[in-house]
Amino acid sequence: MTKTIRQKVIIGAPPKKVYAALMEEKRHAAFTGAPATISRKAGGAFSCYGGYVSGINLELVPAKRIVQAWRGRDWPAGFYTIVTFALSRSAGGRTKLSFTHAGVPANDFKAKSAGWKSHYWKPLKAFLEK
């Protein structure tokens with residue numbers, strides 16, 4: 001049994017900068033505080049939070065959309081979920097980030113939902129809005 005996380009966040013930076021923070025290894029590591037290896041190509045692999053999260057880039061549209069097959073290290077082998085970051089320009093040069101994480105195991109839904117807020121959105125906003 002799985003669930004889908006849906007979250008929206010406004011970030012005080014243009015979509016190009018939000019995309020770069022999510023997809024460039026050094027920027028990702030800078031806002032998360034953990035090592036990241038990220039291919040910038042569809043079909044390429046990524047690993048972040050020191051290997052806790054890994055997966056494959058399914059679709060990449062610079063400054064607009066990132067779709068990834070995503071998995072946590074503690075999940076069963078071969079189990080992936082689908083993460084989508086949709087970026088759009090918002091008033092004042094900001095970005096509206098519409099996020100979905102589909103196929104999250106029901107027993108991990110609460111922790112992952114809270115984790116996106118505390119481990120991604122909060123530090124991403126702090127990094128880009130300074």
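The values are calculated or read from the model by the stated rules, or taken from the named source; none is laboratory data. This is a predicted model, so every value here is computed, not measured. Side chains are part of the model used for accessible areas, which takes the heavy atoms of the whole protein and leaves out ligands, DNA and RNA. Shrake-Rupley method; radii C 1.70, N 1.55, O 1.52, S 1.80 Å.
Karplus couplings for the range 51-63 from phi (6.51 cos²θ - 1.76 cosθ + 1.60, θ = phi - 60°), rounded to Hz, Gly and Pro as x?
x, 5, 10, 8, x, 10, 6, 9, 8, 9, 10, x, 6
Distance between the C-alpha centers of the range 80-130 and the range 61-77? Whole Å please.
When both Cα centres are located, 12 Å separates them.
What do you get when you divide the Cα radius of gyration of the chain by 2.2 N^0.38 Å, with N the number of residues?
0.99
Is the C-alpha gyration tensor of the range 1-60 telling us rounded, prolate or oblate? Criteria: a/c under 1.5 is rounded; beyond that, a/b larger than b/c is prolate, otherwise oblate.
It is rounded, given that a/c, with a ≥ b ≥ c, falls under 1.5.
In straight Cα distance, which lysines are under 26 Å from residue 26, not counting same-chain residues fewer than 8 positions off?
Hits, sequence-local ones excluded: 8, 16, 17, 41, 64, 96, 112, 117, 122, 125, 130.
In Å², and per residue, what accessible area does the chain have when probed at 1.4 Å with the other protein chains present?
On a per-residue basis, 53 Å².
For the range 58-130, count all C-alpha to C-alpha pairs, find those more than 15 Å apart, and express that count as a whole percent of the total.
63 percent
Given a 1.4 angstrom probe, I'd like the percentage of the accessible area of the chain that is carbon and sulfur, rounded to a whole number.
The C+S portion of the solvent-accessible surface of the chain is 56 percent.
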